[in-house]
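Q: For reference, the structure I am asking about is given below.
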Amino acid sequence: MYNIISPYTFYNHFLYSSFHTIQDVFYFSDKVISYSSQLCPYSNYISIHLRLGDKFLEIDDKSHNDARHYNENVIYKTIEENKDEPILFFCDNNEYKLKIKNKYSYVHITDTKIEHTGLNSTTEQQILDAITEFYLITQSTKIYAGSLSGFSVVASKFKNVPFILV
């Protein structure tokens, strides 16, 4: 007898606070680490991560309804309050990343094509992009999350990086 388990099985039953650190559980490949250095010019930076949700992925399949709650003014305030530090802004929607970059020229964004890794249409490059962005977030000095997402929560647990939900 087999049980097929997906991440969704645990979303309402899993306590992220039970983690201490997870860097002993898995590691990043040399390919991811090398690619990250091409995407990020900084060694010390803060990350701001906004997960808009599957509804806002830039894909042909528009059947997804996942939309996360966030306050754009709080994101702007967080960026402005941290303008003296290198900032990497991450989002699952490229158009929104560009909007932030156009508003705040000092914010760095990655040139990646993010798609949900659980979709059949996701390419190997998009998986590499997503894992590399995850790696970059794990290397931050601080992680600000504009919406609740396991992506940034788990990234903070990798090296116990301070996590602030804004």
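The values are calculated or read from the model by the stated rules, or taken from the named source; none is laboratory data. Keep in mind that this is a model prediction, so the values were computed, not measured. Here Cβ is always computed from backbone atoms with ideal geometry, including for glycine, and neighbour counts include all displayed protein chains.
Q: Tell me the residue from Ile46, Ile87 that is in contact with a Lys or Arg (Cβ under 7 Å, 6 or more places away or on another chain), closer than 17 Å to Phe163 by Cα, crowded, with 17+ Cβ neighbours inside 10 Å and modelled with pLDDT of 90 or more, please.
A: Details: Ile87 fails: in contact with a Lys or Arg (Cβ under 7 Å, 6 or more places away or on another chain).
When all the criteria are applied, what remains is Ile46.
Q: In the list Lys157, Lys142, which residue meets the criterion of being basic (Lys, Arg) and closer than 22 Å to Val74 by Cβ? Write out each step before concluding.
A: On the way: Lys157 fails: closer than 22 Å to Val74 by Cβ.
Being basic (Lys, Arg) and closer than 22 Å to Val74 by Cβ holds for just one of Lys157, Lys142, which is Lys142.
Q: Select from the range 90-109 the residues that are of a type in the set (D, E, K, R) and not in a loop (DSSP other than H, G, I, E, B) and write down the one among them that is surrounded by the most Cβ atoms within 10 Å (Cβ to Cβ).
A: Step one: of the range 90-109, the residues of a type in the set (D, E, K, R) are 92, 95, 97, 99, 101, 103.
When the remaining residues are screened for being not in a loop (DSSP other than H, G, I, E, B), the result is 95, 97, 99, 101, 103.
Details: Glu95: 10, Lys97: 20, Lys99: 14, Lys101: 14, Lys103: 10.
Per the stated criteria, the residue is Lys97.
Q: Of the residues Thr112, Thr132, Thr122, only one is outside any helix (DSSP H, G or I), surrounded by 16 or more Cβ atoms within 10 Å (Cβ to Cβ) and within 16 Å of the chain's Cα centre (by Cα); which? So that I can check it myself, show each step before the final result.
A: Numbers: Thr132 fails: outside any helix (DSSP H, G or I); Thr122 fails: within 16 Å of the chain's Cα centre (by Cα).
Unique residue meeting the criteria: Thr112.
Q: Can you tell me which residue in the range 139-161 is surrounded by the most Cβ atoms within 10 Å (Cβ to Cβ), limited to those that are among the hydrophobic types (A, V, I, L, M, F, W, C) and over 10 Å from His49 (Cβ atoms)?
A: First, the residues of the range 139-161 that are among the hydrophobic types (A, V, I, L, M, F, W, C): 143, 145, 148, 151, 153-155, 158, 161.
Pick out the ones that are also over 10 Å from His49 (Cβ atoms) and you get 148, 154, 158, 161.
Details: Leu148: 13, Val154: 16, Phe158: 21, Val161: 18.
Applying the filter and picking the extreme gives Phe158.
Q: List pairs: first in the range 71-86 and hydroxyl-bearing (Ser, Thr, Tyr), second at pLDDT 95 or above and part of a helix (DSSP H, G or I), Cβ under 9 Å, 6+ apart or cross-chain?
A: Hits for this filter: Tyr76/Ile100; Tyr76/Lys103.
Q: Any residue at all in the range 116-136 that is at pLDDT 90 or above, within 23 Å of Gln23 (Cα to Cα) and among the hydroxyl-bearing types (Ser, Thr, Tyr)?
A: Yes, the range 116-136 contains a residue that is at pLDDT 90 or above, within 23 Å of Gln23 (Cα to Cα) and among the hydroxyl-bearing types (Ser, Thr, Tyr).
Q: Consider Leu52 carefully, then state whether it is under 18 Å from the mean Cα position of the chain (by Cα) and either of a type in the set (D, E, K, R) or at pLDDT 75 or above (or both). First the steps, then the outcome.
A: Working: under 18 Å from the mean Cα position of the chain (by Cα): yes; either of a type in the set (D, E, K, R) or at pLDDT 75 or above (or both): yes.
Yes.
Q: So is Thr9 at pLDDT below 65 and in a loop (DSSP other than H, G, I, E, B) or not?
A: No; evaluated as a whole, the condition is false for this residue.
Q: For the range 99-116, state whether one or more residues are of a type in the set (D, E, K, R), within 22 Å of Asp30 (Cβ to Cβ) and in contact with a helix residue (DSSP H, G or I) (Cβ under 6 Å, 6 or more places away or on another chain).
A: Pass one, the range 99-116, residues of a type in the set (D, E, K, R): 99, 101, 103, 111, 113, 115.
Now restrict to residues that are within 22 Å of Asp30 (Cβ to Cβ): 111, 113.
Subset that is in contact with a helix residue (DSSP H, G or I) (Cβ under 6 Å, 6 or more places away or on another chain): 113.
Looking for residues that are of a type in the set (D, E, K, R), within 22 Å of Asp30 (Cβ to Cβ) and in contact with a helix residue (DSSP H, G or I) (Cβ under 6 Å, 6 or more places away or on another chain), one finds at least one in the range 99-116, hence yes.
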